[in-house]
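Only one structure is covered here, and it is reproduced in the block below.
The values are calculated or read from the model by the stated rules, or taken from the named source; none is laboratory data. Because the structure is predicted, anything quoted here is derived from the model rather than measured. Positions of Cβ are generated from backbone atoms using ideal geometry, with glycine treated the same way; all protein chains shown enter the neighbour counts. All accessible areas refer to the heavy atoms of the entire protein, side chains included, with ligands and DNA or RNA removed. Shrake-Rupley method; radii C 1.70, N 1.55, O 1.52, S 1.80 Å.
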Amino acid sequence: MGAIITEQMLRENPELVQAFTGLSEPAFWALVQAVEAQLPAYEDERHTRPDRHRAVGGGRDFDQPLVLRVAQVLTYLRLHLLQQGVALLYGGTQTDVSRDLRRLLPLIARCLPCPVVWEVTEESQPLTTAEVLTLAELADQRALIDATEQVVYRSQDHDERKRYYSGKKKAFTLKTQMVTDGEHHIEAISVAVPGATHDKKLCDQLKTVERLPEGCEADADKGYQGLAEQVTLVTIRNEETGEEQRVPRVMVKTPFKKPKGQELTDEQQTFNHQLGAIRVRVEHCLGWVKNWKIIATRFRCAHSIYTRIMQVVCGLVNGQTHRWQAAKATAAL
């Protein structure tokens with residue numbers, strides 16, 4: 001069966017590009033151009049990787065042009081239709097869609113402002129310099145921390161069900177931690193973990209506080225109570241007086257919880273309100289990520305590619321954020 005949507009149709013109908021890929025026409029064609037430019041080097045790396053079993057040049061060739069393959073992947077991420085339905089739109093097969101989710105997503109990620117992915121780290125394993133954010137990466141020297149969960153299918157294995165059952169969502173979920181700055185830029189995400197993992201426990205397993213740069217402020221919700229006590233102290237010296245002082249390397253702020261049988265003071269309520277007004281920006285980012293239906297609806301693919309999908313969607317959101325912020329800055333001139 002021929003394609004319902006062709007390259008010519010995409011070039012002649014900007015509204016079609018927006019509706020099916022979630023990107024404006026200029027953004028979509030810029031992404032396609034970047035993917036085309038990096039494809040030869042990417043394919044060379046993939047074919048010569050040490051764990052590859054096939055000879056270079058082995059494997060089935062793709063029947064579709066690169067433009068439609070990219071559009072096909074973006075349509076799946078944006079609309080989360082059945083893979084067979086997406087394939088029919090672009091004249092491919094369900095296998096083509098499934099294969100490109102693994103083949104093209106890493107390449108697309110290279111062409112987008114994607115966040116770094118933080119792995120769960122052993123407590124005794126020190127972090128390298130490359131694994132720590134810099135102050136320059138945080139637009140306002142502030143890190144906003146939150147976690148999001150996505151519903152997945154119920155496992156047939158009893159132990160797996162226990163690991164993935166989220167008491168908070170009353171469903172089987174995958175959980176991802178997100179770190180943004182105060183200017184709506186997603187800087188880091190965690191690998192996806194089973195939904196039964198508590199937000200604070202995941203934060204500890206990732207060594208989130210240790211990955212933040214010295215001198216920044218970290219804002220989190222009530223689920224991260226106790227995080228401030230884990231921050232190490234550093235010595236700072238006043239250049240004018242020569243006086244030295246021990247201060248936390250990262251200033252962690254979480255809301256006050258109402259004591260049992262008591263009420264918060266006016267000062268505590270004001271603090272919570274002011275912190276919430278800042279922390280809502282990470283909620284904005286989570287909401288924009290969930291405009292991509294593959295993150296907002298029950299996840300149907302293998303869990304092994306979930307983190308890569310989340311990273312690419314966050315990169316798409318970051319790209320959109322950069323564009324509207326640049327347009328806003330230009331309009332203000």
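Restricting things to alpha carbons, tell me how big the chain is in terms of Rg and Dmax, in Å.
That works out to 22.5, 79 Å for Rg and Dmax.
Provide Asp219, Asp204, Asp199, Asp44 ordered by accessible surface of protein heavy atoms (probe 1.4 Å), highest first.
Output order, biggest surface exposure first: Asp44, Asp204, Asp199, Asp219.
Suppose every K and R has +1 on its Cβ and every D and E has -1 on its Cβ; what is the size of the dipole of the chain about the Cα centre, in Debye to the nearest 20?
Using only the charged Cβ atoms, the result is roughly 1440 debye.
Rounded to the nearest 500 deg cm²/dmol, what is the calculated helix-only ellipticity per residue at 222 nm for the chain, with -39500 (n - 2.57) per DSSP H run of length n ≥ 4?
-14000 deg cm²/dmol
Order Thr176, Thr93, Thr129 by their accessible area, 1.4 angstrom probe, all chains in place, largest first.
Descending order: Thr129, Thr93, Thr176.
Let me cross-check Tyr153: its accessible surface, 1.4 Å probe, with only protein heavy atoms counted, in Å² to the nearest 10?
Counting only protein heavy atoms, Tyr153 exposes about 130 Å² to solvent.
Pick out, in residue order, every one of the trypsin sites (Lys or Arg not before Pro) in the range 248-281 that is DSSP loop and has at most 15 other C-beta atoms within 10 Å; say none if there are none.
Lys257, Lys260
If you take the charge dipole of the chain about its Cα centre, with +1 on Lys and Arg Cβ and -1 on Asp and Glu Cβ, which of Leu31, Leu233, Tyr306 is farthest toward its positive end?
Tyr306
Can you tell which of Pro113, Gln274, Leu82 lies farthest toward the positive end of the dipole of the chain, using +1 and -1 charges on the Cβ of basic and acidic side chains (Lys, Arg; Asp, Glu)?
Value: Leu82.
On alpha carbon coordinates alone, what is the Rg over Rh value for the range 287-333, Rh being the Kirkwood radius?
Computed over Cα atoms, the ratio is 1.17.
Quick one: putting +1 on the C-beta of Lys and Arg, -1 on the C-beta of Asp and Glu, what dipole do you get for the range 1-149 around its Cα centre, in Debye to the nearest 20?
I would put it at about 520 debye.
Excluding Ala30 itself, calculate the net charge of residues whose Cβ lies under 12 Å from the Cβ of Ala30, where each Lys or Arg counts +1 and each Asp or Glu counts -1.
Charge balance in the 12 Å sphere: -1.
Which residue, Leu127, Ala139, Thr197, has the largest displacement toward the positive end of the dipole of the range 109-215 when charges sit on each Cβ (Lys, Arg +1; Asp, Glu -1)?
Thr197
Hey, can you find the accessible area per residue of the range 122-162 for me, probe 1.4 Å, expressed in square angstrom?
66 Å²
To check you understand DSSP bridge types, tell me what percent of the beta bridges within the chain (both residues inside) are antiparallel, rounded to 5.
65 percent
Give a residue-ordered list of calculated ³J(HN,Hα) values for the range 75-86 (Karplus: 6.51 cos²θ - 1.76 cosθ + 1.60, θ = phi - 60°; whole Hz; x for Gly, Pro).
Result, rounded to whole Hz: 4, 5, 5, 6, 9, 6, 6, 4, 4, 5, x, 5.
May I ask you to give the solvent-accessible area per residue for the range 193-320, in square angstrom, as obtained with a 1.4 angstrom probe?
Value returned for the range 193-320: 53 Å² of accessible area per residue.
Tally up the carbon and sulfur contribution to the accessible surface of the chain as a whole percent, 1.4 Å probe, everything protein left in place.
Percent of accessible area from carbon and sulfur atoms in the chain: 51.
From Cα coordinates alone, what are the radius of gyration and Dmax values for the range 205-333 in angstrom?
That works out to 19.8, 61 Å for Rg and Dmax.
Relative to the longest principal axis of the C-alpha atoms of the chain, give the angle of the C-alpha long axis of helix 25-47, reported between 0 and 90° and rounded to the nearest 10°.
80 degrees
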